[in-house]
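Engineer: Just passing along the structure, written as structure tokens.
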Amino acid sequence: MISNEQDVVANVGQLFIKYGIKSLTMDDISRHLGISKKTLYKYVEDKNDLVGKVLTAFNEQDIQMVDEVMSKGLNAIDEQLEISKYINQKLTHIHPSVHYDLEKYHPNQWRKYLKLQGEVINRCILTNIKNGIQEGLYREDLNAEIISKIYISRFDAVFDGELFPSDQFKFSDVHHEFFRYHIRGIASKKGIKYLVEKVKKEKLKS
């Protein structure tokens, strides 16, 4: 039962993931939630405001997940693998039109979200690279700040519908290749050996 703004945002987030954003009107959303439009507008000003609140909630979920993984004391590669699995799982269920809908119809909210995501990614990658260098899993000659900025600038490309049309590519597959490209680019010989063995073990489990 929908009883507060948090419930509205959480449930609408799932609707956007399943159906896309543009295809859902506020009438559709209120019907799916089982509340009147009048009640829906108690919590949000309009659809654009609703989109913004959903994106903020998604970002908060990502922060919580990253913090949980980073608190486990994993080595740098295992940490990145676990975060990558979480992202891939999310991407598997996202409707292919979501990225296009955000860029075209809610560009301001999308830019705010990318800025917030950039801050999360930057903190995560910087810490991960420094740890990986200390562990001998990443190359010693890396400039962590430059690598982090390159990673952020390329991350949005994973969702680019023109670059990776949804009828030819899955978001999860694109992200998986992006992740492997990143790790292999920064890993030491020791790190690459560890990654290869880790991936083999993961395949045997699945």
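The values are calculated or read from the model by the stated rules, or taken from the named source; none is laboratory data. Note that the structure is predicted; figures quoted are calculated from it, not measured. Every residue, glycine among them, receives a Cβ derived from its backbone with ideal geometry; neighbour counts consider all protein chains shown. Side chains included, ligands, DNA and RNA excluded: accessible areas come from the protein's heavy atoms. Shrake-Rupley method; radii C 1.70, N 1.55, O 1.52, S 1.80 Å.
Engineer: Pairs needed: first member in region 68-87, in contact (Cβ under 8 Å) with a residue 24 or more places away in the chain; second member anywhere, in a helix (DSSP H, G or I) and of a type in the set (K, R); C-beta distance under 7 Å; at least 6 residues apart or different chains.
Structural biologist: From region 68-87, the pairs are I77/K198; L81/K198.
Engineer: Are there any pairs, at least 6 apart or on different chains, whose C-beta atoms fall under 9 Å, with the first in region 18-41 and modelled with pLDDT of 95 or more and open to solvent by 60 Å² or more (accessible area, probe 1.4 Å) and the second of a type in the set (A, V, I, L, M, F, W, C) and part of a helix (DSSP H, G or I), and if so, which?
Structural biologist: H32/V12; H32/L15; K37/M26; K37/I29; Y41/M26
Engineer: Looking for something surrounded by fewer than 13 Cβ atoms within 10 Å (Cβ to Cβ), within 25 Å of I121 (Cα to Cα) and either touching a strand residue (DSSP E or B) at 6+ places or on another chain (Cβ under 7 Å) or not aliphatic (A, V, I, L, M) (or both) - is there at least one such residue anywhere in region 73-88?
Structural biologist: Yes, region 73-88 contains a residue that is surrounded by fewer than 13 Cβ atoms within 10 Å (Cβ to Cβ), within 25 Å of I121 (Cα to Cα) and either touching a strand residue (DSSP E or B) at 6+ places or on another chain (Cβ under 7 Å) or not aliphatic (A, V, I, L, M) (or both).
Engineer: Give me the pairs: first residue in region 124-139 and open to solvent by 30 Å² or more (accessible area, probe 1.4 Å), second residue in a helix (DSSP H, G or I) and among the hydrophobic types (A, V, I, L, M, F, W, C), beta-carbon distance under 6 Å, and six or more apart or on different chains, which are they?
Structural biologist: What qualifies is L126/A144; K130/A144; N131/A76; E135/A76.
Engineer: Mind counting the residues in region 89-112 that are closer than 23 Å to Q64 by Cα, touching a His at 6+ places or on another chain (Cβ under 9 Å) and either of a type outside the set (A, V, I, L, M) or open to solvent by 90 Å² or more (accessible area, probe 1.4 Å) (or both)?
Structural biologist: Of the residues in that region, 1 qualify.
Engineer: How about region 161-170: which of its residues are surrounded by 14 or more Cβ atoms within 10 Å (Cβ to Cβ) and either at pLDDT 85 or above or of a type in the set (D, E) (or both)?
Structural biologist: F164, F169, K170
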